[in-house]
Amino acid sequence: MVTIIFSHPWHGSFNKAILDTITTALEKKKKEYQVIDLNKDNFNPVMTEGELALYSKGQHKDPLVTKYQNMLKKTDEIIFLFPLWWYNTPAILKGFIDKVMLKNFSYTESSTGLKGKLTHIKSAKVITTGQAQRWYVKYFAGNMIQKTFINATLKGVGIKNAKWIHCGDVSKGAEMKRKKFLQKLEISI
């Protein structure tokens, strides 16, 4: 099962066009998929004091967290789709990681660090869009997606085979560039 985590609030966005391209490609290949649309679900990324008290125990009280964890249990391939805002993930996706990737669900702690438990997820694609080009994000803006999101967060929960795909210059109206990106993406899904 492919799980797509979609983190863009506007359904008229280029990110939504990417989502539609991905789901169409999966349907053509007769691959099962499910979409977690964080904004449409009204997911609250803010961790309250009460939630924080449960966090260290690997517990939660949000029914969406239960739903998302059950979806992730059935996942063997995951796709994260989001815009880069200030060269990083949107707050709603950060909140998803904080609230859903809990101890004893996605990892355990040992004397040598984290031991990821989501090893049944064999591959991940991290698809981002933004004004900045990938080289700028990588060399001048801290490379947060590769260094933190992929190499630390995903690896920490047991997802080791991850690929980052980025489309820059999205707000400049480069229609041909967007079309080419979507065509290449459809082939790679």
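Relative to the longest principal axis of the chain, what angle (0 to 90°, nearest 10) does the C-alpha long axis of helix 91-100 take? So the helix axis and the longest Cα principal axis differ by about 40 degrees. Subtracting the Cα-Cα distance of Q59 and N104 from 0.36 nm times their residue separation leaves 15.3 nm of extension gain. Relative to the longest principal axis of the Cα atoms of the chain, helix 175-188 runs at roughly 50 degrees.
Pairs K160/K184; K29/K61; K147/K184; K30/K73; K16/K155: which exceed 32 Å Cα-Cα? Don't skip to the answer; put the middle values down first.
Details: K160/K184 23 Å; K29/K61 37 Å; K147/K184 25 Å; K30/K73 20 Å; K16/K155 27 Å.
Check vs 32 Å cut-off fails for K29/K61.
Remark: relative contact order (the range 2-188) = 24 percent; criterion is Cα-Cα distance under 8 angstrom and separation of 6 or more residues. Taking 7 Å steps out from each Cα toward its Cβ at K29 and Q69 produces label points 3.0 nm apart. Among 85-92, 61-68, sorting by the average number of other beta carbon atoms lying within 10 angstrom of each residue, highest first, gives 85-92, 61-68. Nearest 10 degrees is fine. How inclined is helix 14-28 to the longest principal axis of the chain, computing both from alpha carbons? So the inclination is approximately 80 degrees.
Here the chain carries DSSP beta bridges of which approximately 15% are antiparallel, counting only pairs with both residues inside.
What net charge do the residues around S123 carry, taking every other residue with its C-beta under 12 Å from that of S123, with Lys and Arg at +1 and Asp and Glu at -1? With Lys, Arg at +1 and Asp, Glu at -1, the neighbours total +2.
Using the Cα gyration tensor of the range 1-45, with a ≥ b ≥ c the square roots of its eigenvalues, what is the shape: rounded (a/c below 1.5), prolate (a/b larger than b/c) or oblate (neither)?
Numbers: a/c = 3.63, a/b = 1.52, b/c = 2.39.
Judged from the Cα gyration tensor, the range 1-45 comes out oblate (a/c at least 1.5, b/c at or above a/b).
With a simple spin-label model that places each label point 7 Å from the Cα along the Cα-to-Cβ direction, the separation between A91 and T119 comes to 3.7 nm.
Coordinate-derived values only; no laboratory data. Here the structure is a predicted model, which is why all the values come from computation and not from measurement. In this analysis, Cβ positions are derived from the backbone assuming ideal geometry, glycine residues included, and neighbour counts consider all displayed protein chains.
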